[in-house]
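Visitor: Can you read through this structure? Questions will come right after.
The values are calculated or read from the model by the stated rules, or taken from the named source; none is laboratory data. Because the structure is a prediction, the values reported are computed rather than measured. Positions of Cβ are backbone-derived with ideal geometry, glycine not excepted, and every protein chain shown enters the neighbour counts. The accessibility values were calculated without ligands, DNA or RNA, using every heavy atom of the protein model including side chains. Shrake-Rupley method; radii C 1.70, N 1.55, O 1.52, S 1.80 Å.
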Amino acid sequence: AAAWDELVCRHAQGHLLQSWRWGELKRRYGWQPLRLAITDGRQTAAAQLLIRSIYGLAVAYAPRGPLLSGDESLDRALLRLLRRVARRRRAAFLRLEPNLLEGAAGANALHSLLLVEGFRPSDPLQPRASIHLDLAPEPAALFAAFSKGHRADVRRAERNGVTIRVGSSDADLDAFYAIMETTGARQGFGIHGRAYYHDAWQLFGEAARLLLAEQNGSVVAAFLVFAWGREAQYMYSGSTEAGLKAGANHLLQWRAIQWARERGARRYDLWGVPDAFGRMASAGDEEQARLEEEARQHPLYGVYRFKKGWGGKVVRYLPAYDQVYFAPAYWFWQRRRAADGG
């Protein structure tokens, strides 16, 4: 485990979802993690592949992976290995979701390599567009770069008597989960079971932080965030109506950003915004106007405004890449995913 995580942390595209502990988390919920690596003694290409059986077949999936070496022969060897493993496990298809942004060095080469190797672009499971906040500036400079409204809301929460503490007990996780249930019901999104959040929190240890916002003795908002390797992720959060009115989410986010920076993270990933904003970066003026209007109609537009106010940059990842071995099962899976809203 230590050797694997060292490899992932050292790689330029290394990510939490390729970490050993993420694989162990998914193992507890129906996936089998396989860690595969090929080396020539100088360079290494690797991927954590998650396998899940469905109706006698399987899905093979590398979230935010693979981690390629840049040596074409080595990288082709890894892709062939992934294909052999997937087919031996009776996978209907193999899905890769590289942790590489559009326009980044090597993105076009990777896209071309995957097409030549028989993969087809597809919509990813992980967010394709997100907002990345550079954590290099000092805290005062970070705070000054927030939107005027966000700075005011952080101060308003403090004036309203909101306090932030680090969760450490089962009772704290219960409070977090109750907030998640309330938020999911109010905003109409699904959440994991309590056990999933508990396992994620415990497995990642010091790299995970449960933050609770309290007002008048009650928990009014809560975050579960991660800072692993060079990047931090804002993944799970919720708030009561009272917390929203008090600005508790803003104070929580500021504390989470500070903690991630103290942990040594170089970047804070705010984890997903409507893809129309990601597409705007390379669009012309007319297309940008159309995409902005599309984004304003998106149910997550308010979430985007909350995330953008922290001063980060909208980014867009490469798509997913699928290699299909049993087309009927693949198309069934795609239709079912579309019916479930992704």
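Visitor: Count the net charge of all other residues whose Cβ sits under 11 Å from the Cβ of Leu203, scoring Lys and Arg as +1 and Asp and Glu as -1.
Guide: Its environment carries a net charge of +2.
Visitor: While we're looking at this one, here's another question. Out of the DSSP beta bridges found with both residues in region 219-339, what percent are antiparallel (nearest 5)?
Guide: Of those bridges, close to 75 percent are antiparallel.
Visitor: Have a look at the DSSP beta bridges in the chain and tell me what percent are antiparallel, nearest 5.
Guide: DSSP beta bridges in the chain are roughly 85 percent antiparallel.
Visitor: Over region 1-89, what relative contact order in percent results from Cα pairs under 8 Å that are six or more residues apart?
Guide: Across region 1-89, relative contact order equals 24 percent.
Visitor: Quick one: with all protein chains in place, what share of the accessible area of the chain is carbon or sulfur, to the nearest percent (1.4 Å probe)?
Guide: Carbon with sulfur: 50 percent of the solvent-accessible area.
Visitor: Assign one of three labels to region 1-94, namely rounded, prolate or oblate, based on the Cα gyration tensor with a ≥ b ≥ c the square roots of its eigenvalues; rounded applies when a/c is under 1.5, prolate when it is not and a/b is larger than b/c, and oblate otherwise.
Guide: oblate
Visitor: How far is helix 194-204 tilted off the main Cα axis of the chain, in degrees rounded to 10, range 0 to 90?
Guide: On a 0 to 90 degree scale, this one is about 80.
Visitor: How far is helix 248-262 tilted, in degrees, relative to the longest principal axis of the Cα atoms in the chain, given as a value from 0 to 90 rounded to the nearest 10?
Guide: Relative to the chain, helix 248-262 is tipped by roughly 60 degrees.
Visitor: Whole number in Å², please: accessible area per residue of the chain, 1.4 Å probe, ligands, DNA and RNA not counted.
Guide: Ligands and nucleic acids excluded, the result is 46 Å² per residue.
Visitor: Any chance you could count the Lys pairs in the chain whose alpha carbons are under 18 Å apart, treating pairs 8 or more apart or on different chains as valid?
Guide: 5
Visitor: Here is a further query. Restricting to region 41-107, compute how many DSSP beta bridges are antiparallel as a %, nearest 5.
Guide: For region 41-107, the DSSP antiparallel bridge percentage is about 55.
Visitor: Shifting gears a bit: In region 116-136, whose amide N lies under 16 Å from the spot 7 Å out along Cα-to-Cβ of Ala104? List them in ranges.
Guide: 124-135
Visitor: Taking Cα extents along the principal axes in Å as the quantity of interest, determine which of [x] 63, 47, 34; [y] 57, 42, 38; [z] 59, 50, 43 was computed from the displayed structure.
Guide: [z]
Visitor: Could you check the simple spin-label distance between Thr39 and Arg88, using points 7 Å along Cα→Cβ, in nm with one decimal?
Guide: A separation of 2.1 nm, rounded to one decimal place.
Visitor: For the Cα atoms of the chain, what angle does the longest principal axis make with the long axis of helix 285-296, in degrees from 0 to 90, nearest 10?
Guide: 60 degrees
Visitor: Got a sec? Charge dipole of the chain, +1 on Cβ for Lys and Arg, -1 for Asp and Glu; which of Pro328, His192, Leu203 is way out at the positive end?
Guide: Pro328
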